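Report on the following structure.
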Amino acid sequence: MPEILSGKEVQQAILHQLQPRIASFRESTGRPPGLAVILVGHNPASQIYVRNKVKACQELGIYSEQYNPPETTTTEDVVQLVESLNRRPDIDGILVQMPLPAQVDAQRVILTIDPAKDVDGFHPYNLGQLVSGRPGLRPCTPAGIMRLLEHYRIPVAGKKAVVIGRSDIVGKPMALMLLHAHATVTICHSRTADLAAEARQADLLVVAAGKPALVTAEFIKPGAVVVDVGINRVTDRARVEELFGDDPDKLTSFEKTGSVLVGDVHPRDVRQRAGAYTPVPGGVGPLTIAMLMANTVEAAERRLCKCSASGSLAGWQQGSPT
Ligand code: NAD
C-alpha cells in the first residue's frame with residue numbers, strides 16, 4: 001500500500017511551530033500579528049475559503065479583520081481599501097481573495113499591496129524574489145507542498161519532477177521551488193503534446209490543473225510520489241461510482257449531499273500505482289491555510305525587525321544556491 005501524505009498532520013506541525021513565535025511577537029509588541037482579508041461579493045467557494053482562514057487565525061491567536069465590498073465594487077474602491085490597510089501599523093498581512101469580479105482589475109489590486117504585507121506572495125516583487133532565489137513571501141500552496149515533502153523526508157534533489165499546470169498561483173511557483181531544491185523540473189500544461197508520457201517520467205508528480213481525475217494510471221510511474229492540488233466537485237452519480245466504486249463512504253456521502261470532492265488525480269489509480277500520495281480532501285488544502293498563517297507571522301516579524309533594526313530583508317526566507 002502506498003504511503004498517505006497527510007496535509008492535516010503537516011498543518012498541525014506548522015501551526016505548532018508558530019505558537020511560540022506568535023507569543024514572543026505579542027510580548028515584544030503588545031499586540032498579535034494582524035491579517036486583513038478582503039472578499040469582494042459573495043462567491044460561495046470564496047466565502048468558505050475566507051471563513052476557514054479567519055477561523056485558523058482565531059484558533060492561533062492572530063488578529064483578523066474581514067472586509068466585504070459588494071459584487072459591484074470598483075477597482076478604485078478596492079485599491080483605496082488596500083492602501084488604507086498598507087498604512088495600518090497593526091495589520092501585517094493583506095489577502096485579497098481571488099477571483100475578483102470581472103470589472104475589478106486584479107493585477108492593479110495586487111500591485112497596490114505593500115510587498116511586505118503580501119501574504120499570498122502574488123506581488124511581482126515577491127514573485128521576482130522567488131525567481132531569483134532571494135528572500136520573500138512565497139505563494140502558500142507550493143510553499144506548503146515543499147513543507148510536506150520535507151516533513152515526510154521525500155528526496156527532491158536530483159529527482160525528476162513534473163508539474164502539471166502553469167498558473168501564477170500554483171504551477172509556476174511550484175516548479176521554481178522544486179528547481180531551487182535541485183529537482184530536474186518539467187512544466188506541463190493544456191497544450192503539452194503527450195501529457196501521460198511526460199508525467200510518467202516523474203519521480204515526483206505535482207498536479208494542479210483543475211480537471212477532475214485527469215491523471216490516471218498510465219500517467220503514474222510505479223512508486224512515484226504524487227501530490228494532488230486539485231479540488232473539484234463531482235455531481236454526476238455514474239462518475240462518482242466510476243471514481244470511488246470501491247469506497248462505500250464516498251457513495252454514502254454522495255447520497256447525502258449530492259456531490260463529492262475529487263482531485264486532479266484518479267483516486268483509485270493513484271492507490272494502485274503511487275509509492276506515496278496526498279489524498280483529497282486532507283492533502284494539500286490544509287497546507288495552504290497553514291502557510292498563510294506562517295506567512296502572516298513571518299511578515300509581522302519582518303516588519304518588527306524593519307521598525308527596530310536596519311530594515312534589511314536579508315534572511316527573510318532562505319534563498320537558494322545555484
Ligand atoms: P488554473 O485554472 O489557474 O490553472 C490550471 C492550469 O492547468 C493551467 O496552467 C492549464 O494550462 C493547466 N491545464 C488545464 N487543463 C489541462 C489539461 N487537460 N492538461 C494539462 N494541463 C492542463 O488553476 P490553479 O489556480 O492553478 O488551480 C488548479 C487546481 O488546484 C484547481 O482545482 C484549484 O481549485 C486547486 N487549488 C487548490 C488549492 C488548495 O489549497 N488545495 C489551492 C489553489 C488551487
Inset, instruction - Give me the distance in nm between label points sitting 7 Å out from Cα along the Cα-to-Cβ direction at S190 and Q66, one decimal. - result: 3.2 nm
Inset, instruction - First compute the accessible area of the chain with a 1.4 Å probe, then give the percent of it belonging to carbon and sulfur atoms. - result: 53 percent
Legend entry - the range 25-117 shape via C-alpha gyration tensor axes, a/c threshold 1.5: oblate
Legend entry - Relative contact order computed over the range 222-271 (Cα-Cα under 8 Å; 6+ residues apart), in percent: 48 percent
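Grab the Cα-Cα distance for R31 and H151, subtract it from 0.36 nm times how many residues apart they are, and report the gain in nm with one decimal.
Values: separation 120, 0.36 × 120 = 43.20 nm, distance 3.08 nm.
Taking 0.36 nm per residue and subtracting the Cα distance, the gain is 40.1 nm.
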Legend entry - Alpha carbon centroid spacing (whole Å) that separates the range 48-78 from the range 225-281: 30 Å
Inset, instruction - Percent of Cα-Cα pairs per 5 Å bin, from 0 to the last occupied bin, for the range 140-284, please list those. - result: 2, 10, 20, 23, 20, 12, 8, 4, 1, 0
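Fully extended, how many nm does the chain gain between T235 and L111 (0.36 nm per residue separation, minus their Cα-Cα distance)? Don't skip to the end; give the middle numbers.
Details: separation 124, 0.36 × 124 = 44.64 nm, distance 3.74 nm.
That pair, T235 and L111, stretches by 40.9 nm at full extension.
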Inset, instruction - For the range 83-94, just list the computed ³J(HN,Hα) in residue order, Karplus coefficients 6.51, -1.76 and 1.60, θ = phi - 60°, integers in Hz, with x standing in for Gly and Pro. - result: 4, 5, 6, 4, 7, 6, x, 8, 10, 9, x, 10
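With an 8 Å Cα cut-off and a minimum separation of 6 or more residues, compute the relative contact order for the chain in percent. List each step's numbers first, then the result.
Numbers: 622 pairs, mean separation 70.4, N = 322.
Relative contact order of the chain: 22 percent.
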Legend entry - Protection proxy ranking of 259-266, 101-108, 285-292, 271-278 - average other beta-carbon atoms within 10 Å, highest first: 285-292, 259-266, 271-278, 101-108
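Kirkwood Rh over Cα pairs of the chain into Stokes-Einstein at 37 °C, 0.692 mPa s: D in µm²/s?
Here the translational diffusion coefficient equals 160 µm²/s.
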Inset, instruction - Evaluate E = 1/(1 + (r/R0)^6) for R134 and A217, where r is the Cβ-Cβ distance and R0 equals 30 Å; express this FRET efficiency to the nearest 0.05. - result: 0.15
Inset, instruction - Could you please report the charge total around P286, scoring K, R as +1 and D, E as -1 over all other residues with beta-carbon less than 15 angstrom from its beta-carbon? - result: +2
Inset, instruction - Could you tally the net charge around T192, taking each other residue with its Cβ under 15 Å from the Cβ of T192, Lys/Arg +1 and Asp/Glu -1? - result: +1
Inset, instruction - Work out how much length A13 to S259 would gain on full extension: take 0.36 nm times their residue separation and subtract the Cα-Cα distance, in nm to one decimal. - result: 85.5 nm
Inset, instruction - With an 8 Å cut-off on Cα pairs and a minimum separation of 6 or more residues, tell me the relative contact order of the range 125-267 in percent. - result: 20 percent
Inset, instruction - Using R₀ = 41 Å, calculate the FRET efficiency as 1/(1 + (r/R₀)^6) where r is the Cβ-Cβ separation of I48 and A197; round to 0.05. - result: 0.65
Inset, instruction - Please turn the phi angles of the range 232-243 into ³J(HN,Hα) values with the Karplus equation 6.51 cos²θ - 1.76 cosθ + 1.60 (θ = phi - 60°), one per residue in order, whole Hz, x for glycine and proline. - result: 10, 9, 10, 10, 9, 4, 4, 5, 4, 5, 5, 6
Legend entry - ³J(HN,Hα), Karplus 6.51/-1.76/1.60, whole Hz, each residue of the range 197-211, x for Gly, Pro: 5, 5, 4, 5, 7, 7, 6, 10, 10, 10, 10, 9, 10, x, 10
Inset, instruction - Quick one: accessible surface of S253, probe radius 1.4 Å, all protein chains present, in square angstrom to the nearest 10. - result: 50 Å²
Legend entry - Pair Q272, M98: separation of 7 Å Cα→Cβ label points (nm): 3.5 nm
Legend entry - the chain - mean residue ellipticity at 222 nm from DSSP helices (-39,500 (n - 2.57) per run, n ≥ 4, rounded to 500): -14000 deg cm²/dmol
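Whole number in Å², please: accessible area per residue of the chain, 1.4 Å probe, ligands, DNA and RNA not counted. Mind showing how you got there, number by number?
Working: 14820 Å² over 322 residues.
Ligands and nucleic acids excluded, the figure is 46 Å² per residue.
The values are calculated or read from the model by the stated rules, or taken from the named source; none is laboratory data. Just so it is clear, the structure is predicted and the values come from calculations on it, not from any experiment. Heads up, the Cβs are rebuilt from the backbone with ideal geometry, glycines too, and the neighbour counts pull from every protein chain shown. Heavy atoms of the whole protein, side chains included, go into the accessibility calculation; ligands, DNA and RNA do not. Shrake-Rupley method; radii C 1.70, N 1.55, O 1.52, S 1.80 Å.
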